[in-house]
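The values are calculated or read from the model by the stated rules, or taken from the named source; none is laboratory data. Note that this is a predicted model, so its numbers are computed, not measured. Glycine also receives a Cβ, built like all others from the backbone with ideal geometry; neighbour counts cover every protein chain displayed. Please note that ligands, DNA and RNA were not included when accessible areas were found on the heavy atoms of the full protein model with its side chains. Shrake-Rupley method; radii C 1.70, N 1.55, O 1.52, S 1.80 Å.
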Amino acid sequence: MVRMPSNPVGRLITLRPETPRTLDDVAILGRRLGELLSQCTVPKLLFVTDLSTWDVVSPTISTRCAAILRADNPRVEHNAIVLGPSASAGLQMARWIREAGHPGRRAFRSPRRAAAWLAERCAPPEAEAARRFLGVAARRPSVAPRG
């Protein structure tokens, strides 16, 4: 259900959970995230969360997902959340982010923009790991033509 990072870099945690279909799925998601956070020794973490494959979930599951975000607030410094093409799912997730009330969480439709936003807030190795996770190539500096 949740791909846990095999090699987190610095304070960066990468998550790519599947859409929870049942309350048991949400409980597993919350438990696994809690286990992950308990293993991290730094007090504040950077997250890049890929929810681009998520669908709309039931109101009960939605309420539980929002509660997980609120519960994690004390450990979050910044969280770039990548949303998928579904407008309805995106609105639902945007509501969770708003209700969680953490100013360091942002939703993006573009993985490139999510990676760029997070890169401004983290160390270069963390930024590179976030880009790699999202499949985004680093932008090369432009070079003026010789001539």
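How big is segment 3-63 by Rg and Dmax over its Cα atoms, in Å?
12.7, 36
Taking H as built 1.01 Å from N, whose amide H comes closer than 5 Å to the amide H of Arg105, not counting residues under 5 places away?
Residues meeting the amide H criterion: Asn79.
Which whole-Hz ³J(HN,Hα) couplings does segment 96-111 yield from phi under the Karplus relation 6.51 cos²θ - 1.76 cosθ + 1.60, θ = phi - 60°, glycine and proline marked x?
3J(HN,Hα) across segment 96-111, in whole Hz: 4, 5, 4, 5, 5, x, 9, x, x, 9, 9, 9, 9, 8, 9, x.
With Cβ to Cβ distances under 9 Å as the rule, what net charge do the other residues near Leu69 carry (K, R +1; D, E -1)? Walk me through the numbers on the way to the answer.
Values: positive: Arg70, Arg105; negative: Asp72, Glu99.
Once all neighbours under 9 Å are counted, the net charge is 0.
Per-residue HN-Hα couplings for segment 52-57, Karplus 6.51 cos²θ - 1.76 cosθ + 1.60 at θ = phi - 60°, whole Hz, x for Gly and Pro?
Coupling constants for segment 52-57: 5, 9, 6, 10, 5, 10 Hz.
Work out, in µm²/s and without decimals, the Stokes-Einstein translational diffusion coefficient of the chain at 37 °C, 0.692 mPa s, Rh from Kirkwood over C-alpha pairs.
This corresponds to a translational diffusion coefficient of 207 µm²/s.
Taking only protein heavy atoms and a 1.4 Å probe, what accessible area per residue, in Å², does segment 7-136 have with all protein chains in place?
Here the residues of segment 7-136 average 50 Å² of exposed surface.
Rounded to the nearest 500, what is the chain's calculated 222 nm mean residue ellipticity when only DSSP H runs of at least 4 contribute -39500 (n - 2.57) each, over all residues?
It lands at -14000 deg cm²/dmol.
Could you pull out every residue, at least 5 positions away or on a different chain, whose amide H is within less than 5 Å of the one on Val56? Hs are placed 1.01 Å off N in the peptide plane, and Pro or chain starts have none.
Here the answer is Ala89, since their amide H atoms fall under 5 Å of that of Val56.
Once both axes come from the Cα atoms, what is the angle between helix 124-134 and the longest principal axis of the chain, in degrees from 0 to 90, rounded to 10?
The angle comes out at about 60 degrees.
Can you give the charge dipole size of the chain about its Cα centre, rounded to the nearest 20 debye, using +1 on the beta carbon of Lys and Arg and -1 on the beta carbon of Asp and Glu?
The dipole magnitude comes to about 520 debye.
Leaving out ligands, DNA and RNA, what percent of the accessible area of the chain is carbon and sulfur, probe 1.4 Å?
Here carbon and sulfur together make up 54 percent of the probe-accessible area.
Can you give the net charge of the other residues whose Cβ lies under 15 Å from the Cβ of Ala100, counting K and R as +1 and D and E as -1?
Counting the neighbours of Ala100, the net charge comes to +4.
Nearest 20 debye, what's the magnitude of the dipole of segment 54-101 about its Cα centre given +1 on Lys and Arg Cβ and -1 on Asp and Glu Cβ?
Dipole about the Cα centre, nearest 20: 100 debye.
Across segment 78-85, in residue order, what do the Karplus-derived ³J(HN,Hα) couplings come to in whole Hz, using 6.51 cos²θ - 1.76 cosθ + 1.60 with θ = phi - 60° and x for Gly and Pro?
Once θ is set to phi - 60°, the couplings for segment 78-85 become 9, 9, 8, 10, 8, 9, x, x Hz.
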